[in-house]
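The values are calculated or read from the model by the stated rules, or taken from the named source; none is laboratory data. Just so it is clear, the structure is predicted and the values come from calculations on it, not from any experiment. Positions of Cβ are backbone-derived with ideal geometry, glycine not excepted, and every protein chain shown enters the neighbour counts. Just so you know, the surface numbers come from the protein's heavy atoms only, side chains and all, with ligands and any DNA or RNA stripped out. Shrake-Rupley method; radii C 1.70, N 1.55, O 1.52, S 1.80 Å.
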Amino acid sequence: MYDIVEKRILQNDIEWMRVRAPFVARNAQPGHFVMVRVDADGERVPLTIVDHDQTDVVIIYQKLGYTTRQLSFKQEGDTLETFQGPLGKAAHIRDKQHVIGVAGGVGSAPLLPQLKAYKEKGIRVDAILGARSQEYLILLDEYRAICDHVYITTDDGSLGQEGRVTDALKIRLETDASIDHVIAIGPAIMMKYVVEMAKSHQRSVDVSLNPIMIDGTGMCGNCRVSIAGKTFFACIDGPDFAGEAVDFDELIARQSYYKKEEHDCFLRLKDE
Amino acid sequence: MNKIPRTPMRNQDAIERRNHFLEVALGYSLEEARAEAARCIQCKNPRCVVACPVRVKIPEFIKLLLEDALDEAFETIYEDNILPSICGRVCPQESQCEGACILNIKSESVAIGALERFVGDYGMDKNLADKPVKENNGIKVAVVGSGPAGLANAASMRRKGYDVTIFEALHEYGGVLSYGIPDFRLPKDIVKNEIDNLKKMGVTFVRDVVVGKSITIEQLFEDGYQSVFIGSGAGLPSALGVAGENLNGVYYANEFLTRVNLMKARNEPLSKTPMKLGDTIAVVGGGNVAMDAARTAKRLGAKDVFILYRRDRKSLPARLDEIHHAEDEGIDLRLLTNPVELIGENHVVKQVRCEKMKLGEPDSSGRQRPLPTGEFVTFDIDNIIIAIGQKPNPIIKDNTLGLQTQPWGGIITDEFQMTSLPGVFAGGDVVTGAATVILAMGAGKDAAHHMDEYLKTTTR
Ligand SMILES: Cc1cc2nc3c(=O)[nH]c(=O)nc-3n(C[C@H](O)[C@H](O)[C@H](O)COP(=O)(O)OP(=O)(O)OC[C@H]3O[C@@H](n4cnc5c(N)ncnc54)[C@H](O)[C@@H]3O)c2cc1C
Ligand SMILES: Cc1cc2nc3c(=O)[nH]c(=O)nc-3n(C[C@H](O)[C@H](O)[C@H](O)COP(=O)(O)OP(=O)(O)OC[C@H]3O[C@@H](n4cnc5c(N)ncnc54)[C@H](O)[C@@H]3O)c2cc1C
Ligand code: SF4
Ligand code: SF4
Ligand code: FES
């Protein structure tokens with residue numbers, strides 16, 4: 001059992017939680033994630049470690065379906081059944097001059113520790129944060145504290161530039177030759193277009209892949225992704241990979257195989 | 001010589017049992033057990049014992065059973081095998097103890113596994129394993145993994161007085177016994193009971209801890225553990241290596257069985273971890289894992305389940321009982337059939353193309369090598385489950401400096417089961433590759449002996 005030490009609501013659908021988990025905190029690094037199970041019958045879902053100290057680990061999650069909503073019912077002083085990690089390979093901090101991070105939606109949670117790690121190495125960092133509308137943007141102050149520039153895009157124009165992250169990225173890549181690396185974290189479809197854009201502008205690009213995971217430890221094979229025709233397990237070989245040769249269409253298809261079942265499960269939550 | 005036929009074990013009805021996960025084989029009654037025990041001719045040099053990986057004193061326990069000394073029969077088995085209820089159910093007896101039984105020559109072997117199961121279950125009901133153990137000597141040892149290797153090692157080390165902690169990566173203990181082997185072969189309360197026995201003995205269990213990630217082997221020593229046993233098993237699924245393997249609807253047996261067993265997708269159609277399964281299911285492989293996957297698919301409602309295996313029937317590595325049970329349940333064996341391509345539509349698998357095989361010369365395993373014929377067949381399918389083997393998980397290897405491993409990932413050990421790191425021992429599937437419960441258990445137990453010797457020379 002793992003104690004929820006602190007909980008905050010960042011935006012109406014996005015929450016922040018600090019959980020006491022010394023075994024996870026001990027070796028946690030940027031890029032690592034945890035597998036969380038809310039109660040004894042719960043499913044296991046992966047969430048990125050956003051921050052940690054000696055004993056506690058911070059997660060940020062968006063209420064999407066059954067499990068993330070079940071998580072949001074939990075309050076300070078409650079416990080979680082499983083909080084296992086740190087899992088995955090730590091992010092590979094590359095030798096670069098000027099990195100631009102691109103986050104879609106709650107992708108800004110996992111992106112933050114990575115950009116921080118670049119910043120700590122003395123590398124210049126900028127960020128493009130995109131969301132449906134203002135209510136889905138989080139961590140703006142945290143990004144402003146480490147980035148030279150933070151560019152915001154919203155689909156409805158409620159904050160920042162109206163449009164998509166790729167629109168903003170295009171301008172940055174065309175006008176700022178010093179940018180030599182892109183990191184994209186967000187929905188697979190967004191990462192796909194960011195990778196295309198980075199490639200067409202001759203910049204290297206890293207992505208964080210988010211296939212469906214069950215164990216998170218390399219046992220089930222559900223999380224497999226194709227990169228340059230080879231199969232990798234995102235939970236042990238990733239989740240971060242060089243983006244250039246990722247088969248995003250396959251990833252998108254694999255993510256949606258259980259859509260109907262997830263939806264049915266979610267509907268039942270509403271009945272409960 | 002004894003020509004009385006073997007006492008059959010009662011099974012659940014083959015039609016009825018397709019609808020649930022209750023245990024298929026029902027076990028012996030006391031009368032049946034006595035009748036079967038009476039068939040053993042009490043050999044002076046029992047061949048059965050030599051063929052048991054842990055040398056259970058078979059004629060002795062059978063004799064005690066006949067004399068109605070059931071407590072003593074249990075103790076006799078328990079000295080060599082701490083998991084009799086489990087091994088009685090899942091050992092490949094036909095290639096071990098029973099395969100060597102002298103009665104096999106003229107008649108049928110003694111049903112040693114069934115008798116062991118009977119005595120094991122008797123002991124479990126009467127709580128005979130719950131015995132006072134030595135006081136904790138304060139010397140901390142760590143066990144990585146709670147499968148049969150880890151459990152056996154922990155039990156033996158605890159009995160020798162050590163302060164034992166098991167670290168398990170998953171949220172349930174038992175390894176393959178919990179997440180792999182289905183309830184209809186090994187009911188989970190038996191596994192739970194064995195784990196509770198270890199808890200009562202004073203073994204500490206910690207779950208959700210992935211050694212190598214949550215804590216490294218080096219950090220275990222920093223934290224005061226004086227010796228470590230790695231029993232992390234072979235949990236990484238092997239790939240078929242054919243086109244279309246990453247299509248939706250293609251499962252590795254591990255994913256399939258994990259969803260159903262560990263995540264309980266079997267309990268309700270709307271489980272939080274769902275299982276999506278169509279009507280027509282192909283299973284690739286011929287071992288226990290393939291049989292379990294096929295029989296599980298049937299129980300989840302699949303109409304047509306067939307097994308694709310590239311060799312012939314006599315090469316099937318699964319336990320004989322399970323092959324029979326699978327066939328009784330309507331699972332079709334398509335032998336000498338090797339999948340070469342998975343064909344999909346809109347990223348979902350629809351067909352499996354297979355090459356017909358023929359038998360050639362015996363290969364290194366002694367079985368006739370399957371050879372391609374150039375003739376192909378294609379089957380329509382809704383799902384395909386790949387069960388062609390497992391390798392050790394790379395997490396420990398990748399995160400432990402100086403730990404020597406085989407090219408295929410197995411941990412290398414010396415004659416005392418010590419790895420290339422002093423004080424770090426290993427055993428079970430992580431050393432041998434995917435094998436059997438009893439071999440893993442034996443390895444865990446033997447390693448305890450070597451760890452004790454090692455600790456006696458280093459800690460005092
Ligand atoms: C390595 C990794 C890190 C992640 N980090 C974060 C994070 O920091 N914050 C955050 O909000 N989200 C993160 N996610 C996504 C998060 O795991 C899913 O949003 C969550 O599992 C949804 O579960 P649900 O039951 O609420 O929704 P559901 O209704 O079950 O599913 C909604 C969508 O989430 C995805 N999903 C569902 N189950 C899983 C699963 N077991 N594994 C992966 N994806 C799944 C599917 O694409 C699905 O369509 C991460 C995913 C991965 C793989
Ligand atoms: C479906 C199936 C059916 C089978 N049927 C039979 C049968 O009928 N008869 C038979 O004899 N054998 C059978 N086997 C094989 C048998 O189960 C295995 O040989 C045996 O379980 C191996 O034991 P083990 O302790 O070495 O490993 P496992 O049982 O695999 O246990 C290893 C444990 O270590 C944990 N672990 C792994 N890595 C870490 C880590 N880094 N940190 C912490 N914990 C970790 C795992 O989660 C697991 O719980 C079957 C196997 C399967 C998959
Ligand atoms: S442990 Fe297995 S091989 Fe040994 S006697 Fe028992 S059933 Fe036979
Ligand atoms: S070989 Fe057969 S008959 Fe002989 S002791 Fe063993 S079980 Fe009994
Ligand atoms: S999540 Fe199971 S292997 Fe990656």
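Once each part is reduced to its C-alpha centroid, what is the distance from the stretch B:347-364 to the stretch A:47-122 in angstrom? Taking the Cα centre of each part, the stretch B:347-364 and the stretch A:47-122 sit 44 Å apart.
Helix A:259-271 and the longest principal axis of the C-alpha atoms of chain A enclose an angle of approximately 50°. Using the alpha carbons alone, the radius of gyration of the stretch B:96-201 stands to its Kirkwood radius in an Rg to Rh ratio of 1.06. Please name which of A:V102, A:L139, A:A91 has its Cα lying farthest along the dipole of the stretch A:90-204 towards the positive end, using unit charges on Cβ (Lys, Arg +1; Asp, Glu -1) and the Cα centre as origin. Projecting each Cα onto the dipole axis, the largest value belongs to A:A91.
For B:K44, the lysines whose Cα falls under 23 Å of its own Cα, not counting residues fewer than eight places away in the same chain, are B:K3, B:K57, B:K63, B:K106.
Measuring nothing but how far apart in sequence close Cα pairs (under 8 Å, 6+ apart) lie, relative to its length, the stretch B:153-217 scores a relative contact order of 49 percent. Approximating the spin labels as points 7 Å out from Cα along Cα→Cβ, the B:H324-to-A:D155 distance works out to 6.1 nm. The alpha carbons of the protein assembly as shown occupy a box of 94, 68, 52 Å along the principal axes, longest dimension given first.
Only helical runs count toward this figure. For chain B, summing -39,500 (n - 2.57) over DSSP H runs of n ≥ 4 and dividing by all residues gives -9000 deg cm²/dmol at 222 nm. Note on exposure: A:H98, B:H20 ranked by accessible area (1.4 Å probe, complete protein assembly) read B:H20, A:H98, with the most exposed listed first. Extension gain for B:V50 to B:V206 (0.36 nm times residue separation, less C-alpha to C-alpha distance): 52.5 nm.
In chain B, what percentage of the DSSP-assigned beta bridges are antiparallel, given to the nearest 5? Roughly 40 percent of the beta bridges in chain B run antiparallel, per DSSP.
Rg and Dmax of chain B, based on Cα coordinates, read 22.6, 68 Å. From the alpha carbon centroid of the stretch B:133-189 to that of the stretch B:199-244 is 11 Å.
Each principal axis of the stretch B:206-245 carries a Cα extent, and these read 49, 17, 16 Å when sorted largest first.
Within the same chain, lysines fewer than 8 places from B:K356 are excluded, and of the rest, those with a Cα less than 26 Å from its Cα are B:K298, B:K303, B:K314.
Rounded to the nearest whole Hz, the Karplus-based 3J(HN,Hα) values (6.51 cos²θ - 1.76 cosθ + 1.60, θ = phi - 60°) of the stretch A:9-23 follow the sequence 9, 8, 8, 3, 10, 10, 10, 10, 9, 10, 10, 7, 8, x, 5, with x at glycine and proline.
Beta bridges per DSSP, both residues in chain A: antiparallel share near 60 percent. Using every alpha carbon pair in chain A, what percent of pairs falls into each 5 Å bin from 0 up to the bin containing the largest distance? Going from the shortest bin to the longest, the percentages are 1, 6, 13, 17, 20, 18, 14, 8, 3, 1, 0. With all pairs of different C-alpha atoms in the average, the Kirkwood value for the hydrodynamic radius of the stretch B:190-300 is 17.5 Å.
From the alpha carbon centroid of the stretch B:255-331 to that of the stretch B:377-429 is 24 Å. So what is the relative contact order for the stretch A:90-204, in percent, with contacts set as C-alpha pairs under 8 Å and at least six apart? Worked out over the stretch A:90-204, it gives 30 percent.
For the ranges B:133-146, B:420-433, what's the packing order if you count other beta-carbon atoms within 10 Å of each residue, average per peptide, and put the highest first?
Numbers: B:133-146: 20.2, B:420-433: 23.4.
Ranking the peptides B:133-146, B:420-433 by packing returns B:420-433, B:133-146.
In this structure, the amide hydrogen of B:M275, modeled 1.01 Å from its nitrogen in the peptide plane, lies closer than 5 angstrom to no residue at least 5 positions away or on a different chain.
Which angle between 0 and 90 degrees, to the nearest 10, do you get for helix A:165-175 versus the longest principal axis of chain A when only C-alpha atoms count? Relative to chain A, helix A:165-175 is tipped by roughly 30 degrees.
Dividing the mean sequence gap of close Cα pairs (under 8 Å, 6+ apart) by how many residues the stretch B:329-460 holds gives a relative contact order of 13 percent. Across peptide A:219-229, the mean count of Cβ atoms from other chains lying within 10 Å of each residue's own Cβ comes to 6. Measuring with a 1.4 angstrom probe and ignoring ligands and nucleic acids, B:F229 comes out at about 0 Å² accessible. Here the stretch B:239-388 is treated as a sphere whose radius is the Kirkwood value from Cα pairs; by Stokes-Einstein at 4 °C and 1.567 mPa s it diffuses with a coefficient of 83 µm²/s.
On a per residue basis, the convex hull of the C-alpha atoms belonging to the stretch A:90-204 measures out at 91 Å³.
Note on chain A: GNM, Cα springs under 10 Å; of A:Y66, A:Y143, A:Y258, the largest mean-square fluctuation is that of A:Y258.
Computed from the C-beta positions of B:N136 and B:A239, the FRET efficiency with R₀ = 51 Å rounds to 0.70. As a rough guide to protection, the peptides B:400-407, B:311-318 ranked by mean Cβ packing within 10 Å, highest first, stand as B:311-318, B:400-407.
Counting only heavy atoms of the protein chains and using a 1.4 Å probe, B:T337 has close to 0 Å² of accessible surface. Build a GNM of chain A with springs between Cα atoms under 10 Å apart, and of A:A177, A:A188, A:A234 the one that fluctuates most is A:A177.
A Stokes-Einstein calculation at 4 °C with viscosity 1.567 mPa s, built on the Kirkwood radius of the stretch B:39-159 over Cα pairs, returns a diffusion coefficient of 84 µm²/s. Peptide B:272-279 has a mean shielding of 5, counted as Cβ atoms of other protein chains within 10 Å of each residue's Cβ.
Annotation: average projected area of the stretch A:1-156 is 9.0 square nanometres, based on the convex hull of Cα atoms across all directions.
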